[in-house]
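Only one structure is covered here, and it is reproduced in the block below.
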Amino acid sequence: MAFLEIDNLHYRYDETTALDNLSLSVDRGSICALVGPDGAGKTTLIRLLCRLIAPQTGTVSIDGEDLFDVATPLTDRLGYMPQSFSLYTDLSVEENLRFYAGVFGLTGSAYIEKRDYLYTFSRLGPFAKRRAGALSGGMKQKLALSCALLHDPELLILDEPTTGVDPVSRRQFWAILDDLRRAGVTIFVSTPYMDEASRADRITCLFSGQRLATGTADEVAATFIGSILRIDGVADADRLARLDALAGVTAQRFGAGVHLYLPSDMSADEVMPRVVELGIPRSAITERTPSVEDRFIQLMSGAGESEADNV
Amino acid sequence: MSDSAVEIRNLTRRFGSFTAVDGISLDVASGEIFGFLGANGAGKTTAIRMLCGLLVPTSGLGRVAGYDIMKESERIKRSIGYMSQKFSLYPDLTGRENMQFYGSAYQMSSTDINRRIGELIEQLDLGDFVDRLTGSIPVGWRQRVALANAILHEPSIIFLDEPTGSVDPVYRRSFWSLLYALAEAGRTIFVTTHYMDEAEFCERISIMDAGRIIALGRPADLKRDHEATTLEDLFVDLVDGKGPRA
């Protein structure tokens, strides 16, 4: 049995079904990324996992124990880092840590030891006296993460942890998550960014309360239906329209180029001459490996329509 | 009007003994989509404030929308649009009311304001969302309304500061298709982002570190020249390990 088992979870707000018989399992010591559009049920799922609300039907177990059984101790097993910065901005880094340690009953030398350990990986030690409100975005997130880790949780739930954080700080943040995973912590992280989701062991795409796909980044990307050609060089509106008008093909501008989405029954060799006919040099056309994001967009766009194989 | 929307040379801004922007030079063509990247604290915000006419450079020279960056900041302010995901809209006003407010702040006539609102509802496909409180609509739609607000006065350059934080890739792509349409109509798009998959949507990007521009070019060319697989690898390789960073 996986460390976190979600089985047929159903949650309804009055008329709206937020989670529709969702099942999902996350292995101990792995990172699961949760992606999905606004209203997919991500926040509801996180609130359920934090036991802030209870489902109408379905079960969740953590290490074999029923999460919704009030007798199951949860607080000391679960760490939660909310999306919005929720620490005390008028307290210093150190004061925030000490406050949260107190909440979890961590005092004296046990606290000092834990604090110093957290400083080594967050590199926040030199900023211990700085007010939390005056930290950079990346430092704030590392402080929030540190506060969520004070009590050594086995399950860590992160809600869009790196929004607004620059790539260097984000990479440091994820290096910390990798360390925690190696130490056996199970991590559940929601994110709107596919490059971030791709760092997780498994990605789960949620849509309308249902699970549309689960797998490693490569596995999810590999389920892309059709293929993609990239044409380098900025297309004017006219050329883009002519590319888009090619039978069966969808053209989308993408940076300094255009992506052509081909349906599964059409080969690149078939399309290439038709593109060259439009005056585009063969050397400007390359085949692009579909990304998780390409597949995600395909899933989302197809989910509400009957033609699921159109991009 | 010149072919360059942004044309700056050795632009520098010091605050006391601290040099926030250290002699940057940059040309952005009209109708170009330019990504302005950098770590937190690299000097991006200071540079953008100078480009928007909000902060006078310590030294250097340049033109934005054809106007002198040292002397014509008021004209620059009228020629640019600015959108930030964080605070561009009043949440207690509807999209329409936000635009009416900003339009009058730009001293547009009410006839012009209403004409533009009509055009933007159609162009950005705002639908009913324009008449709902901006604080109560989904983030993706709020961003569209914020974009409408920023381009109400038909600026030739649009500055977007992390425009698509917290939205899913479908929303993000549809937002970018709006930006591409604006660029094709001749507007210049100047965007900052921390997400490298979004940076890939730009024609050219620059990376700023410690007040200087340390890389400039098309994403594909930069990756090739630096033998980096992804823009993020490139960014981290160039920026990391250059002094204390927590």
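The values are calculated or read from the model by the stated rules, or taken from the named source; none is laboratory data. Since the structure is predicted, the reported quantities are computational estimates derived from the model, not experimental observations. So basically every Cβ, Gly included, is an ideal-geometry build from the backbone, and we count neighbours across all protein chains shown.
Please determine, by comparing only the residues of segment A:254-265 that are more than 20 Å from residue A:302 (Cα to Cα) and not hydrophobic (A, V, I, L, M, F, W, C), which one is nearest to the other protein chains (Cβ to nearest Cβ).
In this case the residue turns out to be A:255.
Could you tell me whether any residue of segment A:132-145 is in a loop (DSSP other than H, G, I, E, B) and either of a type in the set (S, T, N, Q) or within 11 Å of chain B (Cβ to nearest Cβ) (or both)?
Within segment A:132-145, one or more residues are in a loop (DSSP other than H, G, I, E, B) and either of a type in the set (S, T, N, Q) or within 11 Å of chain B (Cβ to nearest Cβ) (or both).
Going by what's in this entry, would residue B:140 be described as within 14 Å of another protein chain (Cβ to nearest Cβ), out of contact with any strand residue (DSSP E or B) (no Cβ under 9 Å at 6 or more places or on another chain) and within 28 Å of residue A:164 (Cα to Cα)?
So residue B:140 fits the description; yes.
Could you check, for segment B:150-160, whether at least one of its residues is farther than 18 Å from residue B:185 by Cβ, assigned to a helix (DSSP H, G or I), touching a residue at least 24 places away in the same chain (Cβ under 8 Å) and more than 14 Å from chain A (Cβ to nearest Cβ)?
No, segment B:150-160 contains no residue that is farther than 18 Å from residue B:185 by Cβ, assigned to a helix (DSSP H, G or I), touching a residue at least 24 places away in the same chain (Cβ under 8 Å) and more than 14 Å from chain A (Cβ to nearest Cβ).
Of all residues in segment A:18-33, which are in a strand (DSSP E or B), touching a Phe, Trp or Tyr at 6+ places or on another chain (Cβ under 9 Å) and surrounded by fewer than 20 Cβ atoms within 10 Å (Cβ to Cβ)?
A:20, A:25
Check whether at least one residue in segment A:163-171 is of a type in the set (Asp, Glu), modelled with pLDDT under 90, in the same structural domain as residue A:86 (by TED's automatic domain parsing) and within 20 Å of the chain's Cα centre (by Cα), and report yes or no.
The answer is yes; a qualifying residue exists.
Would you say residue A:47 is assigned to a helix (DSSP H, G or I), modelled with pLDDT of 90 or more and away from every other protein chain (no Cβ under 14 Å)?
yes
Just need a number here: residues in segment B:26-62 that are modelled with pLDDT of 95 or more, more than 21 Å from residue B:84 (Cα to Cα) and in contact with a Leu (Cβ under 7 Å, 6 or more places away or on another chain).
2
Confirm whether residue A:36 is surrounded by 21 or more Cβ atoms within 10 Å (Cβ to Cβ) and within 14 Å of chain B (Cβ to nearest Cβ).
yes
Can you tell me which residue in segment A:62-87 is farthest from the chain's Cα centre (by Cα), limited to those that are more than 14 Å from every other protein chain (Cβ to nearest Cβ) and over 17 Å from residue A:156 (Cβ atoms)? Step through it out loud before you land on a result.
Applying the first criterion (more than 14 Å from every other protein chain (Cβ to nearest Cβ)) to segment A:62-87 yields A:62-81, A:86-87.
Narrowing the set further to residues that are over 17 Å from residue A:156 (Cβ atoms) leaves A:64-66, A:68-72.
Numbers: A:64: 25, A:65: 26, A:66: 25, A:68: 25, A:69: 28, A:70: 29, A:71: 31, A:72: 28 Å.
Here the residue is A:71.
If you go through segment A:213-245 one residue at a time, how many are farther than 20 Å from residue A:302 by Cβ, assigned to a loop (DSSP other than H, G, I, E, B) and either more than 26 Å from the chain's Cα centre (by Cα) or among the aliphatic types (A, V, I, L, M) (or both)?
5
With in the same structural domain as residue A:267 (by TED's automatic domain parsing) and touching a residue at least 40 places away in the same chain (Cβ under 8 Å) as the only criterion, which of A:229, A:206 stands out?
None of the others qualify; the one that does is A:229.
Which of (1) assigned to a loop (DSSP other than H, G, I, E, B); (2) modelled with pLDDT of 95 or more does residue B:98 not meet, given it meets every other one?
Every condition holds for residue B:98 apart from (1).
Here is a list: B:23, B:66, B:60. Which entry is closer than 29 Å to residue B:107 by Cβ and in contact with a strand residue (DSSP E or B) (Cβ under 9 Å, 6 or more places away or on another chain)?
One residue alone meets the criteria, B:66.
Given the condition surrounded by fewer than 19 Cβ atoms within 10 Å (Cβ to Cβ) and basic (Lys, Arg), answer yes or no: does some residue in segment B:165-172 qualify?
no
For residues that are over 25 Å from residue B:8 (Cα atoms) and more than 20 Å from the chain's Cα centre (by Cα), tally how many sit in segment B:182-222.
0
Considering only segment B:101-113, state which residues are in a helix (DSSP H, G or I) and under 10 Å from residue B:152 (Cα atoms).
B:102, B:103, B:112, B:113
Could you go through segment A:88-95 and let me know if any residue there is of a type outside the set (Val, Ile, Thr) and either surrounded by 20 or more Cβ atoms within 10 Å (Cβ to Cβ) or within 22 Å of residue A:181 (Cβ to Cβ) (or both). Break it down stepwise before answering.
Start the filter on segment A:88-95 by keeping residues that are of a type outside the set (Val, Ile, Thr), which leaves A:88, A:90-92, A:94-95.
Remaining after also requiring either surrounded by 20 or more Cβ atoms within 10 Å (Cβ to Cβ) or within 22 Å of residue A:181 (Cβ to Cβ) (or both): none.
Within segment A:88-95, not a single residue is of a type outside the set (Val, Ile, Thr) and either surrounded by 20 or more Cβ atoms within 10 Å (Cβ to Cβ) or within 22 Å of residue A:181 (Cβ to Cβ) (or both).
Where the second residue is surrounded by fewer than 22 Cβ atoms within 10 Å (Cβ to Cβ) and among the acidic types (Asp, Glu) and the first is away from chain B (no Cβ under 14 Å) and at positive phi and lies in segment A:181-201, which pairs have Cβ atoms under 9 Å and are six or more apart or on separate chains?
That search, which allows pairs on different chains as well, returns A:184/A:154.
Mind checking which strands (runs of 3 or more DSSP E) fall wholly inside segment B:177-227 and carry at least 3 residues that are away from chain A (no Cβ under 11 Å) and surrounded by fewer than 19 Cβ atoms within 10 Å (Cβ to Cβ)? Explain how you work it out, then say what you get.
Values: elements: B:188-192, B:204-209, B:212-217.
Passing ranges, in order: B:212-217.
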